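I have placed the structure first, in the form of structure tokens, so that the comments after it can refer back to it.
The values are calculated or read from the model by the stated rules, or taken from the named source; none is laboratory data. Note that the coordinates shown come from a computational prediction; the quantities given were computed from them, not determined experimentally. Counting neighbours? That spans all protein chains shown, and the Cβs are built from the backbone with ideal geometry, glycine included.
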Amino acid sequence: MKKLISVLLITAAIFVLASCGKTNEPQDVWNNEPSTTGKNEVIFTPITDTETETETETETETETETETETETETEPPAPPVTEPPVTAPDTQPSVDPAPPVFDPGSYSSDPLISRMTFFGDSTTYGLKYYGIVADDRVWTPKSGTVSLHYATTDPIYDPATGGELVLSDMCAKYKPDILVITLGVNGISFMDENNFKHYYQIVIDTVKTASPSTHIALQTMYPLSASSDFPSKGIDNTKIGNGNRWIADIASSNGVALINSAPALVNSSGYRPEEWQNGDGLHMSAQGFAAVMDYIIKNPCY
């Protein structure tokens, strides 16, 4: 019996020693390693105020300015918003426009362009990005874009000081000779005619009050190219065409100039030429801005 107990004890001891001798295999943790993929940079902010809007930029979406280029627009409180009637866009030219020569220096030195300061959303910001005109003559927020209903309240980046001022203060401080205003694409997806004109009027009144000597010129919104996916976000050439007619009405009722560049920016199919957009079908390429500048020079507003 003692021998049996001894054998059992020896066997148990051997089993324990064998178990303790095993080592844990390392765990496969490669799937838990943090991603090193960088965030894609955008050339310049798209139209949608990517703060609270799906307009883009309009702005698109593709807009990365502390927001996403397609955010959800918050409808302004007044006046009430209703969908605009769908009407046919402006009559398009029967022939395709000729491609302009891109020469930034020639625009900056042009007698008319040199008198102009450009205020607007991300479709205006490209003038600074491509060096079409001097930085101090392109007024946008730091984000590069602004919505129509926030145009007088969102601060504008002042390149001369690095500070920020709202539109009234910028106008009072610099008193631009001609202020070209290009707004509306961040808003056209959800504003009706009354709402659109209401907020545009606030912009005009703000400029006139702050700087009575400034000549105001309203520029029509740029049409989309055929490749743009903005129609799926509520912005298409029919709505842009409607908005451009509203802008023409506002210019006429206020006695200010209209820069109706839109018809000069479409081909025989009714779309902006693909080489005149920067990849999203909404924002301008350098060649597109050359077409705009050529139109302004050939059709002087003042």
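Quick notes
- Every residue from region 232-249 that is surrounded by fewer than 21 Cβ atoms within 10 Å (Cβ to Cβ) and β-branched (Val, Ile, Thr): Thr238
Let's see how each residue does on (1) polar (S, T, N, Q); (2) on the phi > 0 side of the Ramachandran plot; (3) touching a Lys or Arg at 6+ places or on another chain (Cβ under 9 Å):
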site	(1), (2), (3)
Ser253	yes, no, yes
Ala257	no, no, no
Val266	no, no, yes
Glu274	no, no, no
Gln277	yes, no, no
Asp280	no, no, no
His283	no, no, no
Phe289	no, no, no
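The rows are residues; the columns are (1) aromatic (Phe, Trp, Tyr); (2) touching a helix residue (DSSP H, G or I) at 6+ places or on another chain (Cβ under 8 Å); (3) at pLDDT 95 or above.
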site	(1), (2), (3)
Tyr199	yes, yes, yes
Val203	no, yes, yes
Thr206	no, yes, yes
Pro212	no, no, yes
Thr220	no, yes, yes
Pro223	no, yes, yes
Lys233	no, no, no
Lys239	no, no, yes
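- Listed by first and then second residue, the pairs with beta-carbon distance under 8 Å, at least 6 apart or on different chains, first residue in region 189-205 and assigned to a helix (DSSP H, G or I), second among the charged types (D, E, K, R), are Lys197/Asp249.
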